[in-house]
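Report on the following structure.
Each reported figure results from applying straightforward, stated rules to the coordinates on display, with no laboratory input. As the structure is a computational prediction, the values presented were derived from the model and not from experiment. Every residue, glycine among them, receives a Cβ derived from its backbone with ideal geometry; neighbour counts consider all protein chains shown.
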Amino acid sequence: MLDPTSVAAISAVLGAIGAGMANEAGKWAWESTGGVVRRIVGREVVAPVAADERDDVARLIHERIRTDPQLADHWTAFAARLPHGPRSLGAAGSHLPASTRFFTDRKEAMRRLHREATRRADGRPRLALVHGPDGMGTSTLAAHFGSRHGRLFPDGRIYADLGGGGVGSARGVGAVLRTLLRQLGARDEDMPPATDRLGEFFRHCVTDRRLLVVLDHAHSAAQVRPFLTSAPGVFTIVVARTPFPGLDALRVPLGPLTDRDAVRLLTAVTDKSTVTAARATLPSLLERCGGSPYALRAAAARLSTAAPHAPAAAADGDPVMGAADDTYRLLAPDAAKLYRLMALRDWPAFDAEAAARTTALDPAAVPGLLEDLADRMLLERVLGADGDWRHHYRPGVRAHAEAAAIREDGIAACSAALGRTLLAYAELASSAAHQALPESWRVPAPADDGSGRRYEDRGAALEALLGEMGNLIEAVRCAEESDAPETGVRLCRALWPMQLKAGHHETLLPALRTGARLADAHLPESTDAGALHAQLAHTLTELGRWDEAETEAGAAARAEEAAGHKRGHASVVEFLGLLRLRQWRHQEAYECFDHAGRILDSMDARDAGAADRPRASALLERHRGRALRGLGRAEEARRRLESALSRFRTAGDTYNTARTLTDLAETWLDENDVDAALPLIDEAITTLDGQRAEYHVSYLRRMRERCVAG
């Protein structure tokens, strides 16, 4: 058994605590660790970030405790009451897109995939690269294989869309890893915040699993490598348009269906009599479809009436665009308008409300128009996070629709349509954010005309934001490219509840960077600039990018001070103090909290955010106590914490009451005073009852067990 006081064991403990900072108890445990390290080493030690830094800190601790039994006991007792690791995960089930009823040919491709999935394990990743042009059925092949051979993967079949055809549209590694981990059953609170640790966590979670992983719409080997594992039970299928180099994978090309197989597919989708009746037009239809399963399925509906004609010039010989053009010509005017204008941006999954705002069509008619377009295969249905059906385009179809919009509607009309979409998403985001976090001065006020959607409670409002997250991020990009900086900034400020309450920091980071950039360029030295830099600093901190976070916090402080926004300025200085606590720089943290307190004290009733001052002051008092505890000044720490506790109890703030009770209990346990700590632990557990704070409660119960055990 590994000696718990060895360098390796201590380094492992530090690594485990650092990886657990995605939840409140984990962050708090990391902060507590800094104080323990300071007491053992006898001086301030800056928090480690990289593995070699953790080993350096572990050696410092080891050198002290190997010759001091009392310090060794202190470290062992502290490590024993740390939070448990993440819960074990069950079977993931299937998260693949639905397969198709009429799957034709591809027998050789299916056989090759099966051989790779079942070959003898030899340390190489089981990996296949399925490639072919848009509309050729590459994604369908991967989904069909997973459905047909589910017995090979009893622990699950998971799926992620890597974002399409280029670097600009690609999803970040961290965001995709989190998507896959959620499908495996991991909770956000279990996932390490830093992307590099997240990759390690993913590989750990799949080590002993028999699992299929499908990575769709990949564009390079570099994009795929972070998801690969040599785990013997994992088979990864990468789907791409082209067989890019640098990936040591079995290549499975998909080309056009032969005319014979194309006719078989048409017959399966329609019936033999329909195909027979269309024999005069069949050769020209097969030529236009070019062996594309998508184009053939789209053509099936008009098979008996199709007249031969040359492909539209816009199709440029592409069977997907040709099929889209053939179908587009049959649309009624309103359906055609909706088809064109919703394609102006690559919205991940839009609903009828967004489509109605964009097109200015009758909202009552839009759901039916969307269903008609989906039935004609010009749109694809996708189930949204809220359980409602939404729609999006396949890439080739969207390219056709966007070109048609520019050609037929003109630049001015297209710009106006995008402006309406941006306004709709900004209003939705502001309204939902305000209802999700009504007490926060950081959230922009929604329109005061009462037109915003009302939600049942805070949770429903937050779920609405999460359901629109992909569209909101795309809207921020659109605002920057459309020269609508105020709208872009408003959208980004409305992301704050998702950052604070739901994480998703990897996913939101690009939008926040855009928002800060827009604020700097168009709204410098404003409260908006301060807010966006502060939001960016928060997310960077949660991702473990502390140096970048400090730079953004400094920019936020300068902007808030220049704007004369004292509440915002105090908040940013407080944030710098919290960052210092995360870095185990306790004296600097205390000085930041004192500075923030002086800014608050200078406020009067006329200042924006003045109503929040009592709560802000109580939080600073708690933070001072935490910093003093880290400095080893236990008696002063308890005085500050008891003062904060009194204020939170008076205000009825049960959440911060429980947090402060935990802080106080820890200060007593630092001195091994179990009798003083136990009542505080019990009160904190009772206070958290019904607040969905399972990690915090688990931490407290573990503390209590150790206290009772002696």
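Work out the FRET efficiency for A80 and S646 from their Cβ-Cβ distance, taking R0 = 30 Å, and round it to the nearest 0.05.
Efficiency, rounded to the nearest 0.05: 0.40.
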FRET E, pair D52, R453, Förster distance 41 Å, beta-carbon r, rounded to 0.05: 0.20
Region 7-80: Cα Rg divided by the 2.2 N^0.38 Å rule of thumb: 1.01
18 Å reach of a label modelled at S147, 7 Å along Cα-to-Cβ, counting backbone N of region 245-266: 265-266
The chain pair-distance distribution - Cα-Cα, 20 Å bins, rounded %: 15, 43, 31, 10, 1
Extension gain from A676 to R120, taking 0.36 nm per residue of separation minus the Cα-Cα distance: 194.2 nm
Low-density loop cleavage sites - GluC sites (Glu not before Pro) in region 418-521, where at most 16 other Cβ are within 10 Å (DSSP): E439, E456
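Considering only the chain, what is the antiparallel percent among its DSSP beta bridges, to the nearest 5? If you can, show how the numbers build up before the last one.
Numbers: 5 of 27 bridges.
Among the beta bridges of the chain, antiparallel pairing accounts for roughly 20 percent.
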Percent RCO, i.e. relative contact order, over region 493-538, from Cα pairs under 8 Å lying at least 6 residues apart: 41 percent
All lysines inside 27 Å of K107 as judged from Cα atoms, apart from same-chain residues fewer than 8 positions distant: K272
For region 333-408, the spread of Cα positions along each principal axis, largest first, Å: 35, 26, 20
Rounded to 10°, Cα long-axis angle of helix 138-148 versus longest principal axis of the chain: 80 degrees
Sequence-distant lysines (8 or more away, or on other chains) whose Cα lies within less than 23 Å of K501: K27
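Out of region 103-145, which trypsin sites (Lys or Arg not before Pro) are coil in DSSP terms and have no more than 14 other C-beta atoms within 10 Å? Walk me through the intermediate numbers first.
Numbers: sites: R106, K107, R111, R112, R115, R119, R120, R126; in loops: R106, R119, R120.
Here the trypsin sites (Lys or Arg not before Pro) that fit, given the DSSP loop and packing criteria, are R119, R120.
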Cα-based shape type of region 425-574, given that a ≥ b ≥ c are square roots of the gyration tensor eigenvalues and the cut on a/c is 1.5: rounded
Fewest-first ranking of F227, F235, using other Cβ atoms within 10 Å as the exposure measure: F227, F235
Using alpha-carbon coordinates, inclination of helix 458-467 to the longest axis of the chain, degrees: 40 degrees
